[in-house]
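Engineer: Structure below; questions to follow.
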Amino acid sequence: MFDVCVVVAEPLARRGVRQLIDGNDRVRSLRTVDAVSEVAAGTVAVVVLVDPPPQVVRWSCARHPTLVMVPESANGGTLDAIRAGARSVVTTATERVQLWTALDVVAAGGFYLCPTLSARLRACATGPDPGRPVAGGGRAPACAPGPGSGRDRARFRPPGRPALAPREAATLTLIAQGLTHAQAARRLGISEATVNTYLTRIRSKLDVGNKAELTREAITLGLVRRRSGSTDPVT
């Protein structure tokens with residue numbers, strides 16, 4: 001369980017973020033403030049910043065575990081937030097399940113970058129040079145200015161598929177087969193809280209959000225097989 005403090009001054013945005021977070025049974029308390037300076041000093045709450053300026057991100061990340069929500073087109077904002085120490089960056093158009101996953105990862109001390117932004121950074125790292133003519137006319141969109149050195153560019157390039165620990169793989173297998181968290185915990189002889197922790201790590205490592213995405217990754221990794229002619233895995 002963890003607390004969440006949303007920093008956003010615009011009433012409509014405040015209501016939208018609250019609606020996305022409401023219903024997450026891992027969130028013990030949820031409050032909103034107009035400015036990050038209003039977050040109580042020493043709080044361990046996850047701070048959610050909505051389209052913040054860079055100086056606000058740096059201030060918050062130095063004091064609180066911080067999740068940053070940026071517009072989908074804000075490539076520069078994504079890199080700025082990562083450099084400032086944000087534990088998660090998602091878009092303002094993120095779906096509820098993705099935001100819940102991001103909050104879980106931040107609360108657990110991990111890092112989460114939503115798939116939309118991850119794909120965009122990957123395209124910026126490996127795609128055509130900004131301004132180069134592209135097929136069909138026009139020019140390739142300019143990506144945000146990246147870090148200067150090759151080492152810095154490698155730091156922000158999405159890594160290859162990380163390996164799962166044996167217990168994580170076993171947990172993913174059972175969840176992909178349709179077991180509940182409680183059933184998986186009983187099968188593995190561990191607590192449900194430990195299953196939740198494993199799933200948080202798995203989502204962070206594989207960059208996935210909901211159960212359908214977890215199941216697809218389990219199939220890709222060869223942990224479960226898909227039924228012939230079916231979208232469901234073999235149980």
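Engineer: From the residues in the stretch 1-15 that are at pLDDT below 85 and touching a Lys or Arg at 6+ places or on another chain (Cβ under 9 Å), which one is most open to solvent (accessible area, probe 1.4 Å)?
Structural biologist: The qualifying residue most open to solvent (accessible area, probe 1.4 Å) is Met1.
Engineer: For the stretch 84-102: of the residues being touching a helix residue (DSSP H, G or I) at 6+ places or on another chain (Cβ under 7 Å) and assigned to a helix (DSSP H, G or I), which is farthest from Val208 (Cα to Cα)?
Structural biologist: Applying the filter and picking the extreme gives Ala84.
Engineer: Then there's this: The conditions are (1) open to solvent by 70 Å² or more (accessible area, probe 1.4 Å); (2) under 19 Å from Val208 (Cα atoms), and Trp59 fails exactly one of them. Which is it?
Structural biologist: (2)
Engineer: Being of a type outside the set (Ser, Thr, Tyr), more than 18 Å from Arg96 (Cβ to Cβ) and in contact with a Cys (Cβ under 7 Å, 6 or more places away or on another chain) narrows it down to one residue among Ala45, Ala35, Ala40, Ala62; which is it?
Structural biologist: Residue meeting the stated conditions: Ala45.
Engineer: Listed residues Val44, Val106; which is open to solvent by less than 50 Å² (accessible area, probe 1.4 Å) and either modelled with pLDDT under 85 or in contact with a Ser or Thr (Cβ under 8 Å, 6 or more places away or on another chain) (or both)?
Structural biologist: Going through Val44, Val106 in turn, just one is open to solvent by less than 50 Å² (accessible area, probe 1.4 Å) and either modelled with pLDDT under 85 or in contact with a Ser or Thr (Cβ under 8 Å, 6 or more places away or on another chain) (or both): Val106.
Engineer: Further question: Could you look through the stretch 201-221, keep only residues that are in a loop (DSSP other than H, G, I, E, B) and either hydrophobic (A, V, I, L, M, F, W, C) or open to solvent by 60 Å² or more (accessible area, probe 1.4 Å) (or both), and pick out the one that is modelled with the highest pLDDT?
Structural biologist: Val208
Engineer: Okay, next question. Would you mind finding the one in Ala13, Ala40 that is among the small types (Gly, Ala, Ser) and in a loop (DSSP other than H, G, I, E, B)?
Structural biologist: From the options Ala13, Ala40, the qualifying one is Ala40.
Engineer: Just to be sure I understand the filter: pairs with C-beta atoms under 6 Å, separated by 6 or more residues or on different chains, first member in the stretch 16-36 and part of a strand (DSSP E or B), second member at pLDDT 85 or above. Which pairs pass?
Structural biologist: Listed by first residue and then by second, the contacts come to Val27/Val4; Arg28/Asp3; Ser29/Asp3; Leu30/Val4; Leu30/Ile21; Arg31/Cys5; Thr32/Val6; Val33/Val7.
The values are calculated or read from the model by the stated rules, or taken from the named source; none is laboratory data. Here the structure is a predicted model, which is why all the values come from computation and not from measurement. Cβ: placed from backbone, ideal geometry, glycine included. Neighbour counts: every protein chain shown. What goes into the accessible areas is simple: the full protein's heavy atoms, side chains included, and nothing from ligands, DNA or RNA. Shrake-Rupley method; radii C 1.70, N 1.55, O 1.52, S 1.80 Å.
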